[in-house]
Amino acid sequence: MNDKELREIRRRFRPEKNNIMGIRGCFVNDRNEIVSEFYQPMLQCSQEESEKLLAIMKKSISGGLGSNLVDICFEIKQVMESEEHALLMKLNKSELKDEETVHTFFQKVIESIRIDGNYVILLASDNYDVFSHNADGTKGESTEVYSYIVCSVCPLKPMKAALSFRNFDNTFHAVSADSLLCPPELGFLFPAFDDRRANIYNALYYTRDISQIYPEFIERIFNTPLPMPATEQKAAFESCLMETLQEECDYETLRSVHTQISEMVQEHKETKQEEPLTLSKRKFKEVLEGCGVSEEKVEHFTKKYEEQFGEDVEITPSNIVDVKRFEVTLPDVTIKVNPERNHLISTQVINGIKYIMIQATEGVEVNGVNINIR
């Protein structure tokens, strides 16, 4: 899925926009036992309750593609034979009306995750009448119906008993201890919405914390190779640079790498391309060559890249570079720089001592006080 397709599905999660008849759920206690299974019809919810429920479900398709949202790809054999894919297809085709299938799914989820405290598993089914668009921007004919399910696994936060003030009668009333439904820790959408139609060979997996991808859940529900978390991608990329560049891994080289990748991100944003930006091994090779890295080091980097990520794996830039942040750190000092002004810093060796040099023309403050440099 690309950003445009993702935005199109996200817009469905409003009371007046979707065909979600109700939310199926499963309450699980802190011992990983099912306390209850339930079905909440949307027609029985108030406007506020509907909006809040849909907002929770929408969170499972939030975040950035390639970081919080990861493509899950099924092989042809899995689609034809695997019980994992068959279960997802049965959930979708039945529109969550098959009680036994829903219960089986809940059990598989519970067996695959460990969340501190109580939590709930929520499922929603929607049918989206996909319309084409005319040249004048008006809605054209319906091309097909996209049927999909969304799953959200949400912690329940215990609330303490308290006093509540009711302004309609100007009195305090006791509020008993209860549980608050929190945003999902993980979830998914199936099937994917590619080229504005259902793609049963893909699912879109969500994790709130990009350093925690719940590998047992992915293995149990999808039975596909585990994607590398964004935080691990960053660490692996930095390791590639340090181990392969060695003496050429200096400030100017890393500044240039950051600048070039930031420029790619900016250009992709300005040209409003629908497909998310990813960087391949070949693109990283071009970046290093543009930084003046020697041919030998570049070749060493490409081999190390294959070992860490795989030959054909492409990386989302935001997983390895924060284009809005540039820092230089020492054990006792941290220097934060506007990325567009990182040329103000340089390194130098004076009388055998290494220094970080910062151009300071004006506006220098110490604890909020302007100072002169003499």
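A few points about this structure:
- Which numbered condition Leu123 misses (of (1) more than 17 Å from Phe188 (Cα to Cα); (2) touching a residue at least 12 places away in the same chain (Cβ under 8 Å)): (1)
- Unmet criterion (only one of (1) under 21 Å from Asn338 (Cα atoms); (2) at pLDDT below 90) for Tyr251: (2)
- Taking segment 108-161 as the range and being acidic (Asp, Glu), outside any loop (DSSP other than H, G, I, E, B) and over 27 Å from Phe217 (Cα atoms) as the test, the residues that pass are Asp129, Glu141, Glu144.
- Meets criteria (within 22 Å of Tyr214 (Cα to Cα) and either under 26 Å from the mean Cα position of the chain (by Cα) or outside the structural domain of Tyr201 (by TED's automatic domain parsing) (or both)) for Val79: no
- Glu232 vs. criteria surrounded by 13 or more Cβ atoms within 10 Å (Cβ to Cβ), not in a strand (DSSP E or B) and not assigned by TED's automatic domain parsing to the domain that holds Lys283: no
- Within segment 162-185, considering residues that are of a type in the set (Ser, Thr, Tyr) and part of a strand (DSSP E or B), the one surrounded by the most Cβ atoms within 10 Å (Cβ to Cβ): Ser179
- Tabulated pairs, segment 331-348, first over 18 Å from Thr253 (Cβ atoms), second of a type outside the set (A, V, I, L, M), C-beta under 6 angstrom, 6+ apart or interchain: Lys336/Glu327
- Residue pairs whose Cβ atoms lie under 8 Å apart, separated by 6 or more positions or on different chains, with the first residue in segment 43-54 and assigned by TED's automatic domain parsing to the domain that holds Cys154 and hydroxyl-bearing (Ser, Thr, Tyr) and the second at pLDDT 90 or above and surrounded by 10 or more Cβ atoms within 10 Å (Cβ to Cβ), are Ser50/Met42.
- Subset of segment 219-236 [in contact with a strand residue (DSSP E or B) (Cβ under 7 Å, 6 or more places away or on another chain) and either at pLDDT 90 or above or farther than 25 Å from Glu340 by Cα (or both)]: Phe222, Thr224, Pro227
- Scanning segment 4-57 for residues that are surrounded by 15 or more Cβ atoms within 10 Å (Cβ to Cβ) and in a helix (DSSP H, G or I) yields Glu5, Leu6, Glu8, Ile9, Met42, Ser50, Leu53, Leu54, Ile56, Met57.
- When residues of segment 127-174 are limited to those that are in contact with a Phe, Trp or Tyr (Cβ under 6 Å, 6 or more places away or on another chain) and of a type in the set (Phe, Trp, Tyr), the one farthest from Glu16 (Cα to Cα): Phe172
- Test: Thr253 is among the β-branched types (Val, Ile, Thr), surrounded by fewer than 18 Cβ atoms within 10 Å (Cβ to Cβ) and under 30 Å from Asp194 (Cα atoms): no
- Checking Val79 against (1) at pLDDT 90 or above; (2) not in a helix (DSSP H, G or I), the condition it does not meet: (2)
- Failed item in (1) out of contact with any Ser or Thr (no Cβ under 9 Å at 6 or more places or on another chain); (2) free of Cβ contacts under 8 Å to residues at least 60 places away in the same chain, with Met228 passing the rest: (2)
- The set of residues in segment 318-374 that are surrounded by 12 or more Cβ atoms within 10 Å (Cβ to Cβ), in a loop (DSSP other than H, G, I, E, B) and β-branched (Val, Ile, Thr) comprises Ile320, Val321, Val323, Val364.
- Residue in segment 314-333 that is closer than 30 Å to Leu279 by Cβ, modelled with pLDDT of 85 or more, out of contact with any Leu (no Cβ under 8 Å at 6 or more places or on another chain) and of a type in the set (Gly, Ala, Ser) present: yes
- Conditions (1) polar (S, T, N, Q); (2) under 17 Å from Ser256 (Cβ atoms); (3) touching a Gly at 6+ places or on another chain (Cβ under 9 Å); number of the one not met by Asn319: (2)
The values are calculated or read from the model by the stated rules, or taken from the named source; none is laboratory data. Note that the structure is predicted; figures quoted are calculated from it, not measured. As a convention, Cβ positions derive from the backbone with ideal geometry for all residues, glycine included, and neighbour counts pool all protein chains shown.
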